[in-house]
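Down below is the structure, laid out as structure tokens.
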Amino acid sequence: MALINCPECEKKVSDQAKECIGCGYPLREEVAQGNQQVEDKTDIKLECPVEIKGDEVLKKPDGGFAATIGTIIFVIGIFTLFAQEIPFIGSVIITLISVPFFYIDRKNQKPVEEEYERVNKIYEYFKKQYPILKEFNPDKHSVLDTVNISSKDSNLINFNTYMQAHKLKADYIVINDSNSSSHVSGSFTTRGSIVPGNIKSTNTFHANISFIAKK
């Protein structure tokens with residue numbers, strides 16, 4: 001641990017302090033060590049464990065069409081087995097027909113799952129690489145771009161934001177505004193009138209984000 005001069009009041013403070021104990025000046029982004037400036041953490045560029053192509057999409061794998069067909073055939077086979085609508089051997093054959101569909105689906109889904117794992121590694125790298133800038137200083141920072149992003153998945157908004165920061169070679173991200181909206185659909189029961197159905201609510205997340213570079 002060493003003592004440094006506070007840039008604001010020149011009082012001696014520890015180089016490990018987050019703010020000056022004398023005047024409260026924040027020291028989290030840069031620290032004056034003697035008469036030399038120490039680079040903040042954005043100058044230490046991390047290395048992503050996988051290649052970033054720039055067209056990645058954070059999408060969780062779901063069951064494919066082949067798995068859906070296989071499930072339908074399997075259910076029909078089990079139903080006919082217990083209902084005894086057809087001979088036992090016929091029910092077994094119908095059930096076995098579903099097996100190749102599950103195999104095909106698994107074969108098709110494997111590269112999708114591998115890509116999802118690769119994109120997740122990029123996502124974790126982005127989280128460490130691009131800090132949120134709490135205070136914009138026009139003398140130290142410049143705005144590269146400002147965008148509006150909307151999605152029903154908050155993780156997708158985060159990933160797309162990080163990806164844009166990567167493409168712009170930004171140093172920081174500023175969240176100017178964030179909110180969510182809800183859309184309710186379906187039928188419901190009211191006094192004096194009964195309307196059968198279910199209520200479905202869908203949330204959409206919105207964010208206005210600026211990408212910042214150090215001057």
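Only the coordinates and a few stated rules stand behind these numbers; no lab work does. Note that the structure is predicted; figures quoted are calculated from it, not measured. All Cβ positions, glycine included, derive from the backbone under ideal geometry; neighbour counts span all protein chains shown.
Structure values in brief
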| quantity | calculated |
| --- | --- |
| Extension gain, THR202 back to VAL50 (0.36 nm per residue minus Cα-Cα distance, nm) | 51.3 nm |
| Inter-site label distance for ALA83 and ASN148 at 7 Å from Cα along Cβ, in nm | 5.2 nm |
| Inter-label distance for LYS127 and ASN155, nm, one decimal - labels placed 7 Å from Cα along Cα-to-Cβ | 1.0 nm |
| Unsatisfied cross-links (Cα-Cα over 29 Å) in the set LYS12/LYS215; LYS59/LYS215; LYS18/LYS169; LYS53/LYS215; LYS12/LYS128 | LYS59/LYS215; LYS12/LYS128 |
